[in-house]
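Worksheet for the structure shown next.
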Amino acid sequence: MNALKPFVVSVLGLFAALSTLQAAQIVHYAIDVGKARTVSPQPATFASEYVKAGDLSPFCNGEPSTNPAIGRGPGFFFNFGFLGNLGFTPGMGENYFAFALEIKKGYQIDFNSFSFYYRAPNLNGKKVYWDVRSSADDYRNSLATVTTRVSGGSKGSPGESGYNSGDLPILPLKGISGQITFRVYLYEEEEGTVTGGIGQIGNISVTGTVSPVSTTGAGPKP
């Protein structure tokens, strides 16, 4: 019986350590495809050991993009993903970037923040929105929204030439296990807001805290 004590203590110590982890980066997509435009999905550049990250993919009208035409349609270019001059819908439509996270069995995540760089298309003095939603509620409610009336982006260092959203809280996502998909929608304030150009997004990062799934009481929400 005594021989089991070190093992039991070490296991309990591991679970205690995991239970008190600070919020850390869960996944990061640093887009870098060079000079050629492409619609090929982009892999994550970092993913937590407790998470399997799916590809970041562009969708046009709810369908995966197959149109690599320059300046139009969705895809990837240099350090950004882009949604081209599609005549974005007023209010949330079906133009977005999406990626799925599969959480290791036996673990759950309390998500903390979502951040990205963005550049707006040509605007007509009105607003465009980057709206973060998730499959946890079937994309019904916005977790975080970035709004801008300013076209283009700031001049930053290579790979970060855009406006920084900052860390946007996504605190409603607690005790998430299994799989979750995030979408970042781009849409207009009203018809005619976008007069040309492309909306761009890059350097996407999600943070949160990983812990073992509780074996007592209610389990995590799916």
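Against the criterion of being touching a Lys or Arg at 6+ places or on another chain (Cβ under 6 Å) and modelled with pLDDT of 85 or more, residue 29 does not qualify.
Within region 136-162, residues that are within 14 Å of residue 186 (Cβ to Cβ) and modelled with pLDDT of 55 or more have Cβ atoms under 6 Å from residues that are in a loop (DSSP other than H, G, I, E, B) and among the charged types (D, E, K, R) in these pairs: 147/127, counting only partners at least 6 apart in sequence or on another chain. The residue of region 193-215 that is modelled with the highest pLDDT, among those that are touching a Pro at 6+ places or on another chain (Cβ under 9 Å), part of a loop (DSSP other than H, G, I, E, B) and surrounded by fewer than 16 Cβ atoms within 10 Å (Cβ to Cβ), is 213.
The values are calculated or read from the model by the stated rules, or taken from the named source; none is laboratory data. The structure displayed is predicted, hence computed values, not measured ones. FYI the Cβ positions are ideal-geometry reconstructions off the backbone, even for glycines, and counts take in every protein chain you see.
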